[in-house]
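The values are calculated or read from the model by the stated rules, or taken from the named source; none is laboratory data. What you see is a predicted model, and the numbers here were worked out from it, not measured in a lab. Here the Cβ is made from the backbone with ideal geometry for all residues, glycine too, and neighbour counts use every protein chain on show. Protein only, heavy atoms only, side chains kept; ligands, DNA and RNA dropped before computing areas. Shrake-Rupley method; radii C 1.70, N 1.55, O 1.52, S 1.80 Å.
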Amino acid sequence: MEKTDVLISGLGPVGAALAVYLGRLGISVMAIDRDTSVYPMPRAAHLDHETMRLLHLAGGAEAVSQASQPLSAYEFRSRDGSLLMGFKPGEVTTATGFPQSSMFHQPTLEHALRARLGEISGVSARLGHALTSYSASDDGVIAGIAGPHGAYDVEAKYLIGCDGGQSIVRRIARIELDDMGFDEPWLVIDARLKDGRERLTTIGLQHCDPRRPVTSVPMSPGRHRWEFMLRPGETPEEVVGDEFIDDLLGPFVDPASVEIDRRAVYRFHAVIAKEWRKGRVMLAGDAAHQMPPFLGQGLCSGTRDAANLAWKLAAVLQGRADEALLDTYQAEREPHVRAITEMAVFMGKVVCTQNEKEAAARDRDMLSKPEGERFVVMPDTIGLASGVQRGDVLAGTIFPEPWLETGEGRKRLDDVAGLAPILLFRDGGEAAASSFRAGGGFAMALSDPSLLDEGDRVKSTLADSEAVLVRPDRYVFGRGEARNLLAAWNAYLASGTSPA
Ligand SMILES: Cc1cc2nc3c(=O)[nH]c(=O)nc-3n(C[C@H](O)[C@H](O)[C@H](O)COP(=O)(O)OP(=O)(O)OC[C@H]3O[C@@H](n4cnc5c(N)ncnc54)[C@H](O)[C@@H]3O)c2cc1C
């Protein structure tokens, strides 16, 4: 029987990112997908800056950057066009240096991640191979797989279900979903702009008309998406017809000026798996949670799952951490996902109001504020509430990414540090830094001339502290004396409990 450290079921964007991370960390991975090619139609259209950084660590951000465009604003407008609520991501300077909101093309990302996978020894990616069954014990999992040449078994130390909303891994594990009770049918129309047009707008719009709520967003250059909420009684068959779609598009664009790539009715959900880990089996991405699309955070959340889980699995498999560390995965990720899902549900309820009286009350309420106050600051990051040192306001926030001057030109710190934890320290922290390096960490003195700390962002993160320790998923673990930080980090790896 074939053996692997980690078997990943599902090579969507989340499974592919996880496989790249694990492969880069030296873990043997078998990643399978029941389909033989990437799902060709775009689903996710929006990525936030943190996700772009995490995708950069997986080798996918460059392809995405080339096939994406920043979103200047995201606006919720009433039937008559008045601004109800808005965000201006184009005006935000982010910690990672990537645009706060990028509009992109999901298949481009998936192709880039799969190409990266092919370059990593130790990762075997198999397309056209479906997980059909598994049995789990305290030591691992025996999985049954149906491949193009017949059925076979694989023995893995861990099985990760990245197999989407209908996850077979989740179903076999009998993991229930917590349903937050918000699901609505929408027609999604993805279109290419004709005559070489790159965009209709750089603004994402929620047209909150109770007669027919509509979403209109740019995607990658040359593409645009419209989504139309179905009215009670409308059927999926009826709304995907040519004439119906021309009537829907008419108020927004000349239907003759676009070529429709995809027309499909989908029902979004707000669900979160009750357990993300059952012994040797774990869930990530849509298998673990699905949320309404109003914040464009489904794939972003799945990428954060992959980044959280990968280094923990590697540390446990390589004997640098106790298995208890794996229990921190759900503890750290679920509150983040829940908060984002609640926000997406809130926004969805603003948009999906089909009752005229309720919509009028909503409009009166939201329009009672001066227009300037209706633009709110997009929450940059929810951050981590556990798995970091307590009592420090910066612990759990995204670490600002500096650049380094290397022999091969300027590089992001992430390019040099890879997926290691990072210690940046002032004079006095050298001894702790050596022992950190010996344990596989990346350590660098603040005084190192190759560190290009534009705007003193790193210095101001350290403030008066001797050192800052950054987790491999790029959240600040804590600040303080270097040796104390190191001791707290090692205690966290050894027990999985958040350090005081
Ligand atoms: C209309 C729409 C708009 C969206 N907009 C956004 C957005 O703007 N921003 C955002 O972040 N997210 C968005 N999302 C969500 C985003 O597309 C998903 O969250 C993301 O695709 C989830 O990735 P995943 O890898 O977890 O799952 P999937 O992409 O579903 O991949 C799962 C993979 O598992 C494979 N698989 C299934 N069963 C098996 C099996 N038994 N054996 C082997 N393989 C199997 C499938 O073939 C598939 O390749 C949107 C989704 C939709 C539908």
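Table for the structure above
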{"item": "Solvent-accessible area per residue for the chain (1.4 angstrom probe, square angstrom)", "result": "40 Å²"}
{"item": "Two-site FRET efficiency, Val240 against Ala146, from Cβ-Cβ distance with R₀ of 51 Å, rounded to 0.05", "result": "0.95"}
{"item": "Computed FRET value (nearest 0.05) for Asp427 with Ala115, which takes r as the C-beta separation and R₀ as 51 Å", "result": "0.75"}
{"item": "Net dipole in debye of the chain [+1 Lys, Arg Cβ; -1 Asp, Glu Cβ; about Cα centre; nearest 20]", "result": "400 debye"}
{"item": "Only Lys, Arg (+1) and Asp, Glu (-1) charged, at Cβ; region 403-495 dipole about Cα centre in debye", "result": "260 debye"}
{"item": "Set of aspartates and glutamates near Lys157 by C-alpha distance (under 20 Å), chain-local residues within fewer than 8 positions excluded", "result": "Glu2, Asp5, Asp33, Asp138, Asp139, Glu275, Asp305, Asp322, Glu323, Asp327"}
{"item": "Compactness index (Cα Rg / 2.2 N^0.38 Å), region 64-128", "result": "1.67"}
{"item": "Residue-span extension gain [Glu356 to Asp464] - 0.36 nm each, minus C-alpha spacing", "result": "33.3 nm"}
{"item": "Average Cα contact separation per residue, region 403-495, under 8 Å, 6 or more apart, as relative contact order %", "result": "28 percent"}
{"item": "The chain: relative contact order as a whole-number percent, Cα under 8 Å and 6+ apart", "result": "16 percent"}
{"item": "Estimated distance in nm for a label pair at Asp138 and Asp179, the labels positioned 7 Å out from Cα along Cα-to-Cβ", "result": "3.7 nm"}
{"item": "Over 30 Å between alpha carbons, listed pairs Lys88/Lys459; Lys194/Lys349; Lys88/Lys194; Lys274/Lys357; Lys88/Lys312; Lys88/Lys349", "result": "Lys194/Lys349; Lys274/Lys357; Lys88/Lys312"}
{"item": "Net lengthening on full extension, Ser450/Asp365 (0.36 nm per residue, minus Cα-Cα)", "result": "25.3 nm"}
{"item": "Stokes-Einstein translational diffusion, region 403-495 - Kirkwood Rh over all Cα pairs, 0.890 mPa s, 25 °C, in µm²/s", "result": "185 µm²/s"}
{"item": "Accessible surface of the chain, 1.4 Å probe, proportion on carbon and sulfur as whole %", "result": "50 percent"}
{"item": "Cα centroid separation - region 69-128 against region 273-345, whole Å", "result": "19 Å"}
{"item": "In Å², nearest 10: area of Phe425 left accessible to a 1.4 Å probe", "result": "10 Å²"}
{"item": "Residue-averaged 222 nm ellipticity for the chain, from DSSP H runs of 4+ at -39500 (n - 2.57), nearest 500", "result": "-9000 deg cm²/dmol"}
{"item": "Pairs of alpha carbons in the chain whose separation is greater than 35 Å (percent)", "result": "36 percent"}
{"item": "Computed Kirkwood radius, in angstrom, where 1/r is averaged over Cα pairs of region 358-428", "result": "17.0 Å"}
